[in-house]
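Everything on this sheet refers to the single structure shown next.
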Amino acid sequence: MKRKFETLIQESIRAAEFIEHAKQIRVISHYDADGITSAAIVVRALEREGKPFHLTIVKQLSEGIVKQLSSERGDLILFTDTGAGFLNEIQESLPGRIVILDHHQTQGEISGENAGRIVHVNPVIFGIEEDISGSGVTYLCMRALNPENRDLSELAIIGAIGDSQTGSIGPHWGLLGLNKEILKDAEITRKIKVMKGLRLWGRYTRPVHKALQFSVDPYIPEVSGSEMGAIHFLQETGIELKRKDGSWRTLSELSDDEMRKLSSGIIKERIRSGSDNPDWIFGDVYELIDKNEEFRDANEFATMLNGCGKMDQPYAGIAICLNNSSYYPDVRKVLESYRREVGRGVDWIRKNPRAIRTTDHADYILAGSRISEHIISNVVSIINKSCLLPDDCQKPVFAFADTEDGKIKVSARMDDSLAERGLNLKEVLETVTKTTGGEGGGHIAAGGATIPREGLESFIEMSDNLVREALRKNPERSRLMESLMDDIENESETQNNLNSTEHKIQENGDGYGIREIKGPREERERAGREVTEEKGREEQGKVQGPVGKEVEGKGLVRYLGS
């Protein structure tokens, strides 16, 4: 696995050489947080190189967009967080040099005759399917282009968070594997610091009751989406809502004792609602050091970017990634609308059980026009993570929303335990759409598709059959659950989770700041070939997957030079 990672780095270096020799670059990126941060990384890196470029953000790459690009001028086309699903179309329609920086499952492969003009940097090709996002792959390439781009690691981390790559459970919720190596770059360049805490949005700026009202992951029954419900919950918990001067308190002002009360209260509410993992509310909190207080939480920042993309304002998202503060007022308004719409979507599903078709193998949410196609994926992610549907943590969840062009958007999610049993949503979606029409794909535990409306029933029937067959080959493993109420009575675990101790890193020895990482051209040319040991951090955290075990703790300096 270590060799596979080194091969990924070498392909990143090759892609960087394509970019270095290009005179005019056409850039295409996706419209979610991962795609927006990928685009922002490229924009800043190309500005530093003095390269002219033309950027377009797309909702979804299509054969039509690829064909349209063939009529444009430029000596390099660069795809970020997209492109892997259209390898055949790209080869057939686009001449000249092409770089694809993606992490999605591939459709097709680069032929031998095109291998000299197309570089496809994708961890999937090398058997690395998790723990690095599209923005992470983009960062590897731009880091190879110029060591000065090390300070863009912050954006790669935001993209990974936005792409739901913070994984594991309970107090171990956080970034893993290759993402954790990129995180080291962000810590060393003093862009991010890591703390432990409750995963609640708005810890610095929102009143406590507003933070609970807008909390959708973790979801708090009868509280999320309801201002009065949040106020009543806090009053019952014994937490003061206001300061002495009558203004609202924020999460950052709560004492340790109040935080313990709050966390216990949230867990109890989730137990009452039947959530499968009610204590999955803690994790690493990533603070963006170079942002003002309002925008310091990386999870909140990623949510803002998703909101910008889904609410048709992706370029505002890129602007705030690049610290253009003039866009902050617009982004605040976009975010408010986005959070309300997502919250309403989750609440609508809870209140309309008849819209859910349940089988022995999966749950199907028929949202129609009630939930926008642009946020259905976010809504179903929250539904899946929060286990709001009966047995939905033991079943995949498929959600359907009407699209603006008369089709149906499909978003599918499932618990990682189902992947361990052999279920692959990407394969299900690809297989079914070949029959029903449309396009589908994604990742093992998360995917999406667009299908014709007349194909809905066939889609559900075929998906259910494929899920049944996949899970029948690997019978369900038993889930041993301890008494969660006993855990609450004995709050030692909760107290441990609430410790606000920061992860400490050992300085790299030279103590340099961002502006001192210049990297001359000759340094770039041998980047990745000269191995430079890095001390790294004393505390390594949890490692997931064979790739993480091979490379974690060594840092990207080892592979990409200083």
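The values are calculated or read from the model by the stated rules, or taken from the named source; none is laboratory data. Source: prediction; values computed, not measured. Every residue, glycine as well, gets a Cβ built from its backbone with ideal geometry; the counts of neighbours run over all protein chains shown.
Per-residue answers, yes or no, for (1) of a type in the set (A, V, I, L, M); (2) in contact with a helix residue (DSSP H, G or I) (Cβ under 7 Å, 6 or more places away or on another chain); (3) crowded, with 17+ Cβ neighbours inside 10 Å:
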| residue | (1), (2), (3) |
| --- | --- |
| LYS242 | no, no, no |
| GLU258 | no, no, yes |
| GLU293 | no, no, no |
| ARG296 | no, no, yes |
| TYR327 | no, yes, yes |
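If I ask for residues that are loosely packed, with under 14 Cβ neighbours inside 10 Å and within 19 Å of the chain's Cα centre (by Cα), which ones from the range 59-114 would you list? Across the range 59-114, the qualifying residue is only GLN60.
Would you confirm whether or not the range 45-54 contains a residue that is crowded, with 22+ Cβ neighbours inside 10 Å, in contact (Cβ under 8 Å) with a residue 40 or more places away in the chain and outside any strand (DSSP E or B)?
Yes, there is a match, as at least one residue in the range 45-54 is crowded, with 22+ Cβ neighbours inside 10 Å, in contact (Cβ under 8 Å) with a residue 40 or more places away in the chain and outside any strand (DSSP E or B).
The single condition from (1) in contact with a His (Cβ under 6 Å, 6 or more places away or on another chain); (2) buried (at least 24 other Cβ atoms within 10 Å of the Cβ) that TYR139 fails is (1).
In this structure, SER224 does not qualify as of a type in the set (S, T, N, Q), buried (at least 19 other Cβ atoms within 10 Å of the Cβ) and part of a helix (DSSP H, G or I). With respect to the conditions (1) in contact (Cβ under 8 Å) with a residue 12 or more places away in the chain; (2) more than 22 Å from LEU425 (Cα to Cα), ILE375 lacks only one, and its number is (2). One residue stands out among those in the range 271-291 that are buried (at least 17 other Cβ atoms within 10 Å of the Cβ) and of a type in the set (Ser, Thr, Tyr): the one that is nearest to GLY238 (Cα to Cα), which is SER275.
Of the strands (runs of 3 or more DSSP E) lying entirely inside the range 352-442, those containing at least 2 residues that are among the hydrophobic types (A, V, I, L, M, F, W, C) and at pLDDT 95 or above are 363-368, 397-402, 407-413. Within the range 263-270, not a single residue is under 21 Å from the mean Cα position of the chain (by Cα) and either surrounded by fewer than 23 Cβ atoms within 10 Å (Cβ to Cβ) or in the same structural domain as PRO221 (by TED's automatic domain parsing) (or both).
Just a yes or no: is a residue in the range 130-152 among the acidic types (Asp, Glu), touching a residue at least 40 places away in the same chain (Cβ under 8 Å) and either at positive phi or part of a loop (DSSP other than H, G, I, E, B) (or both)? Reasoning before the result, please.
Going residue by residue through the range 130-152, those that are among the acidic types (Asp, Glu) are 130-131, 148, 151.
Applying the additional criterion that residues be touching a residue at least 40 places away in the same chain (Cβ under 8 Å) yields 130-131, 148, 151.
Narrowing the set further to residues that are either at positive phi or part of a loop (DSSP other than H, G, I, E, B) (or both) leaves 130-131.
Within the range 130-152, one or more residues are among the acidic types (Asp, Glu), touching a residue at least 40 places away in the same chain (Cβ under 8 Å) and either at positive phi or part of a loop (DSSP other than H, G, I, E, B) (or both).
Restricting THR82, THR106 to those that are within 18 Å of LEU140 (Cα to Cα) and among the polar types (S, T, N, Q) reduces the list to THR82.
Quickly run through the range 304-315 and pick out the residues that are closer than 12 Å to THR37 by Cα and crowded, with 24+ Cβ neighbours inside 10 Å.
Start the filter on the range 304-315 by keeping residues that are closer than 12 Å to THR37 by Cα, which leaves 304-306, 308-309, 314-315.
Scanning the range 304-315 gives MET304, LEU305, ASN306, CYS308, GLY309, PRO314.
Applying the criterion of being closer than 20 Å to GLY159 by Cβ and either modelled with pLDDT under 95 or assigned to a helix (DSSP H, G or I) (or both) to the residues of the range 1-30, the residue that is farthest from the chain's Cα centre (by Cα) is ILE19. The numbered conditions (1) buried (at least 16 other Cβ atoms within 10 Å of the Cβ); (2) modelled with pLDDT under 95 are all true for LYS191 except (2).
Whenever a residue of the range 329-341 is assigned to a helix (DSSP H, G or I), its partners that are among the small types (Gly, Ala, Ser) and surrounded by 14 or more Cβ atoms within 10 Å (Cβ to Cβ), lying with C-beta atoms within less than 6 angstrom and at least six residues away or across chains, give the pairs ASP330/ALA316; VAL331/ALA316; VAL334/GLY307; LEU335/GLY307; TYR338/GLY307.
Would you confirm whether any residue within the range 231-245 is at negative phi, hydroxyl-bearing (Ser, Thr, Tyr), assigned by TED's automatic domain parsing to the domain that holds TYR338 and not in a helix (DSSP H, G or I)?
Kept after step one, since they are at negative phi, are these residues of the range 231-245: 231-237, 239-245.
Filter again for hydroxyl-bearing (Ser, Thr, Tyr), leaving 237.
Filter once more, so that each one left must be assigned by TED's automatic domain parsing to the domain that holds TYR338: 237.
Filter once more, so that each one left must be not in a helix (DSSP H, G or I): none.
Checking the range 231-245: not a single residue is at negative phi, hydroxyl-bearing (Ser, Thr, Tyr), assigned by TED's automatic domain parsing to the domain that holds TYR338 and not in a helix (DSSP H, G or I).
Please determine, by comparing only the residues of the range 443-479 that are assigned to a helix (DSSP H, G or I) and β-branched (Val, Ile, Thr), which one is farthest from ALA399 (Cα to Cα). Restricting to residues being assigned to a helix (DSSP H, G or I) and β-branched (Val, Ile, Thr), the top hit is VAL467.
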